[in-house]
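One structure is given below, encoded as structure tokens.
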């Protein structure tokens, strides 16, 4: 871990290269503005020409350890490159590869993976939280029990399991957190996208029914699953709250990466990531979700091909009309 004495305020700079604070020009001349779709607002900042800082939001450095281990693992190619941990003005940051660096105005999708979104330690947490009760009734006023309505508070476990049932997390092992289509405002109100058909419709909109983009992303998901299944790291760790970042741009560049390892914890036995969860086995359903996500992309093939053929037919008719 390295500690820096800033030349100017971090708020003004928001940029570092790998060796020293950068000038304002570096930030202004970046090819892409950095985009954050989900997670804690303000937890990312541009760093060097192709790196970002991610603020460490937990007291421990489990995410740093995860990235360090993954740099020497079979899954190295499907996670952002890790450079170092940085202490700055009393806060800790992870400096890592900026995955947007090679994209031009990308379309971005954030997918929360796994059938379980809470740590096993949270199962026995009895703290009743009014803020989570308020979140629940905003989503579904009828969801709380009469007792919860009286208390006007629920536990974190209760809220997390409610969210899992409301979305596709419980049924498919993943949920779409947010999407950004190039030139449009990000869509984050996807909490009730639940069925495979609804998920497919969101993804088809995201890729604009492009068969080429669909196939490229599907191939990258298959490669990611292969790397995951070969990984010694993931065999001995449970993944809670981890996401897939999916991107493509108008040049046809595509990418899929695993991100977010703040709740990735070592366990003493092998985790399959497909077995149903019972307290103590640390199963998270990550591969169940990945299997289902790949199947959704596969099922979209016919729809995308039909759409592309229809568009081609319209183009040919238009061209023929122009000629005559």
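The values are calculated or read from the model by the stated rules, or taken from the named source; none is laboratory data. Only a predicted model underlies this, so the values are computations on that prediction, with no experimental measurement involved. Positions of Cβ are backbone-derived with ideal geometry, glycine not excepted, and every protein chain shown enters the neighbour counts.
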Number of the exception - residue 100 against (1) at pLDDT below 90; (2) crowded, with 21+ Cβ neighbours inside 10 Å; (3) part of a helix (DSSP H, G or I)
(3)
Tell me, which residue of the range 162-187 that is in contact (Cβ under 8 Å) with a residue 40 or more places away in the chain and surrounded by fewer than 17 Cβ atoms within 10 Å (Cβ to Cβ) is nearest to residue 209 (Cα to Cα)?
181
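Please verify whether residue 256 is under 20 Å from residue 172 (Cα atoms), in the same structural domain as residue 183 (by TED's automatic domain parsing), touching a helix residue (DSSP H, G or I) at 6+ places or on another chain (Cβ under 6 Å) and at pLDDT 95 or above, treating the condition exactly as stated.
On the way: under 20 Å from residue 172 (Cα atoms): yes; in the same structural domain as residue 183 (by TED's automatic domain parsing): yes; touching a helix residue (DSSP H, G or I) at 6+ places or on another chain (Cβ under 6 Å): yes; at pLDDT 95 or above: yes.
For residue 256, the condition - under 20 Å from residue 172 (Cα atoms), in the same structural domain as residue 183 (by TED's automatic domain parsing), touching a helix residue (DSSP H, G or I) at 6+ places or on another chain (Cβ under 6 Å) and at pLDDT 95 or above - is met.
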For helices (runs of 4 or more DSSP H) lying entirely in the range 208-315, having 2 or more residues that are free of Cβ contacts under 8 Å to residues at least 40 places away in the same chain picks out 211-230
When the residues of the range 51-75 are filtered to those that are in contact (Cβ under 8 Å) with a residue 40 or more places away in the chain and surrounded by fewer than 16 Cβ atoms within 10 Å (Cβ to Cβ), which remaining residue is nearest to residue 232 (Cα to Cα)?
58
Would you check if residue 139 is in contact with a strand residue (DSSP E or B) (Cβ under 6 Å, 6 or more places away or on another chain) and outside the structural domain of residue 193 (by TED's automatic domain parsing)?
no
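Rundown of residues vs (1) at pLDDT below 95; (2) in the same structural domain as residue 219 (by TED's automatic domain parsing); (3) farther than 24 Å from residue 111 by Cα, yes/no style:
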| residue | (1), (2), (3) |
| --- | --- |
| 279 | yes, yes, yes |
| 284 | no, yes, no |
| 287 | no, yes, no |
| 291 | no, yes, no |
| 294 | no, yes, no |
| 321 | yes, no, yes |
